[in-house]
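The values are calculated or read from the model by the stated rules, or taken from the named source; none is laboratory data. Not measured: the values here are computed from a predicted model. Please note: Cβ atoms are built from the backbone with ideal geometry, for glycine as well, and neighbour counts cover all protein chains shown. For the accessible areas, the whole protein counts, side chains as well, though only heavy atoms, and no ligand, DNA or RNA atoms are used. Shrake-Rupley method; radii C 1.70, N 1.55, O 1.52, S 1.80 Å.
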Amino acid sequence: MTTDHRARLQSLRNRAAALVIGTVVAAAQIYSEPLYFKIPYHTSILTGEGWVQELLNGHPLQIKTELGMRHHVFWHFVQALVHSGLKPARNMSYEEQAAIFLY
């Protein structure tokens, strides 16, 4: 093996090592970023019925995230509860009762 060949081989090894190290560092940064730079999740100033209406009229994925079901499934769930005998509460809608149960 010539000196030139050894030097080229060593150069390739160094580049491969640098690539692996760079990849590991980048992966560690991507993984750790949410741990250090926290973004507030529950930012709504609404409570009770206002929050439920925000879920029902807001982004379709928000109700799925918060209550675990899509909008149309939530409506069917509320109707099933009403037909099963859910009683109205004072100052609380059927939707709010169901949302409290699911949340």
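A few points about this structure:
- Tallying residues that are within 14 Å of the chain's Cα centre (by Cα) and modelled with pLDDT of 85 or more within region 37-58 yields 0.
- Scope region 54-80; condition touching a residue at least 12 places away in the same chain (Cβ under 8 Å) and at negative phi; matching residues: LEU55, LEU56, GLU66, LEU67, MET69, HIS71, PHE74, PHE77, VAL78
- Helices (runs of 4 or more DSSP H) within region 1-72 that include 1 or more residues within 30 Å of PRO88 (Cα to Cα): 48-57, 60-67
- Among the residues examined, HIS83 does not qualify as open to solvent by 60 Å² or more (accessible area, probe 1.4 Å) and in contact (Cβ under 8 Å) with a residue 12 or more places away in the chain.
- Scanning region 24-53 for residues that are of a type in the set (Ser, Thr, Tyr) and open to solvent by less than 80 Å² (accessible area, probe 1.4 Å) yields a total of 2.
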